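Okay, structure first, notes after.
The values are calculated or read from the model by the stated rules, or taken from the named source; none is laboratory data. What you see is a predicted model; the values in this text were computed from it and never measured. Glycine also receives a Cβ, built like all others from the backbone with ideal geometry; neighbour counts cover every protein chain displayed. The accessibility values were calculated without ligands, DNA or RNA, using every heavy atom of the protein model including side chains. Shrake-Rupley method; radii C 1.70, N 1.55, O 1.52, S 1.80 Å.
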Amino acid sequence: MANTSSTANASRTAGASRYPGSASAEDGAPLKHQTDIARAAALIADPSRARILKCLADGRALPASALAGEAGITAATASAHLAKLVEGEFVTVEARGRHRYYRLFGPDVSAALEALALIAPPLAITSLKQSSRTNALHRSRTCYDHLAGRLGVALMQALLDHGVLTGHDGIHRPTEAVRDRPSSYGRDLVYELSDEGPSILAELGVDTDRLPPRRPAIRYCIDWSEHQHHLAGGLGATLKTRLFELGWVRWGAAPRVVHLTDDGAVGLERTLGLVFT
């Protein structure tokens, strides 16, 4: 399935603006071009492609076989759907030996999926497995490359309470919001590192002088399930990665679901005073 389009997509930087002269969701600037909403909607509208995109929404790169299994379709059907998603710049592909791995084009695709979740009718829960998965997503999940759900909101609040971040109290107040909307990057407020923030984060092994370049260091999202703020941006991504390295969080069985480990519960309470139940 290698072609010119997929090769070009794989070589681009994930999260970069998708069109010349445009702004991505990451920088918060208004778009400067007309958009083909119908084409984008058509790509998402197919149930199998929607399931594939949801599987990729945690930012990981997955092989076609894994995506086919999650979507409940054959490998050949998955390849056809993935080719369309690559061509539409929803997904990138990279070769690793004999296998190809797919990931979302960037955080703006994940943000669009989160926004659609707000207006989409709920899927009927017909089994205990589906109910457990829904509860797990609300409890702790990823929002592309950072933590969300109750765990993500609790982490944001702990960073504020512990004096790592300043700027606001982490509460989303719809009646006071100007541009902030659920399931999107926040734009009304500015969070900053406190003077003590870098030294506190250093205890976790996070070097604030080495955050990912070419993206805002500190941003926030309005969590779609909790309707409060969770940490995004370079710091949010780095902190999530570090918690995985420490073994304080681990991936769940379902896409996007993460679990706080026993070591993580102890470590976060010790370093940030976070008690998560």
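Listed conditions (1) modelled with pLDDT under 95; (2) surrounded by 15 or more Cβ atoms within 10 Å (Cβ to Cβ) are all met by His229, apart from (1). Which number in (1) under 20 Å from Ala154 (Cβ atoms); (2) in contact (Cβ under 8 Å) with a residue 24 or more places away in the chain marks the one condition that Arg173 misses? Here Arg173 clears every test but (2). Filtering Gly197, Gly264 for residues that are in contact with a Gly (Cβ under 8 Å, 6 or more places away or on another chain), more than 23 Å from Gly167 (Cβ to Cβ) and either hydroxyl-bearing (Ser, Thr, Tyr) or open to solvent by less than 40 Å² (accessible area, probe 1.4 Å) (or both) leaves a single hit, Gly264. Out of the residues in segment 153-190 meeting the condition of being on the phi < 0 side of the Ramachandran plot and in contact with a Ser or Thr (Cβ under 7 Å, 6 or more places away or on another chain), tell me which one is surrounded by the most Cβ atoms within 10 Å (Cβ to Cβ). Top of the filtered list is Val164.
Looking for something open to solvent by 30 Å² or more (accessible area, probe 1.4 Å) and under 24 Å from Pro216 (Cα atoms) - is there at least one such residue anywhere in segment 92-107? Looking for residues that are open to solvent by 30 Å² or more (accessible area, probe 1.4 Å) and under 24 Å from Pro216 (Cα atoms), one finds at least one in segment 92-107, hence yes.
Within segment 181-207, which residues are among the acidic types (Asp, Glu) and in contact with a Lys or Arg (Cβ under 6 Å, 6 or more places away or on another chain)? Can you show your working first?
If we filter segment 181-207 for residues that are among the acidic types (Asp, Glu), which is where we start, we get 188, 192, 195-196, 203, 207.
If the condition is that a residue be among the acidic types (Asp, Glu) and in contact with a Lys or Arg (Cβ under 6 Å, 6 or more places away or on another chain), then Asp188 is the only one that fits.
Residues of segment 54-90 being in contact (Cβ under 8 Å) with a residue 60 or more places away in the chain and out of contact with any strand residue (DSSP E or B) (no Cβ under 7 Å at 6 or more places or on another chain), which ones? Lys54, Glu70, Ser79, Ala83, Glu87, Glu89 - these are the residues of segment 54-90 that are in contact (Cβ under 8 Å) with a residue 60 or more places away in the chain and out of contact with any strand residue (DSSP E or B) (no Cβ under 7 Å at 6 or more places or on another chain). Scanning segment 30-70 for residues that are open to solvent by 60 Å² or more (accessible area, probe 1.4 Å), in a helix (DSSP H, G or I) and of a type in the set (Lys, Arg) yields a count of 3.
When you go through Thr77, Thr126 one by one, which is the residue that is open to solvent by 50 Å² or more (accessible area, probe 1.4 Å), assigned to a loop (DSSP other than H, G, I, E, B) and either at pLDDT 90 or above or among the hydroxyl-bearing types (Ser, Thr, Tyr) (or both)? Going through Thr77, Thr126 in turn, just one is open to solvent by 50 Å² or more (accessible area, probe 1.4 Å), assigned to a loop (DSSP other than H, G, I, E, B) and either at pLDDT 90 or above or among the hydroxyl-bearing types (Ser, Thr, Tyr) (or both): Thr126.
So, in segment 242-277, how many residues would count as being of a type in the set (S, T, N, Q) and either touching a Leu at 6+ places or on another chain (Cβ under 8 Å) or in contact (Cβ under 8 Å) with a residue 24 or more places away in the chain (or both)? Summing the residues that are of a type in the set (S, T, N, Q) and either touching a Leu at 6+ places or on another chain (Cβ under 8 Å) or in contact (Cβ under 8 Å) with a residue 24 or more places away in the chain (or both) in segment 242-277 gives 1.
Among Gly273, Gly205, which is the only one that is open to solvent by 40 Å² or more (accessible area, probe 1.4 Å), over 20 Å from the mean Cα position of the chain (by Cα) and within 19 Å of Asp145 (Cβ to Cβ)? Residue meeting the stated conditions: Gly205. Within segment 208-231, does at least one residue satisfy the condition of being free of Cβ contacts under 8 Å to residues at least 12 places away in the same chain and among the polar types (S, T, N, Q)? The answer is no, given that none of the residues of segment 208-231 is free of Cβ contacts under 8 Å to residues at least 12 places away in the same chain and among the polar types (S, T, N, Q).
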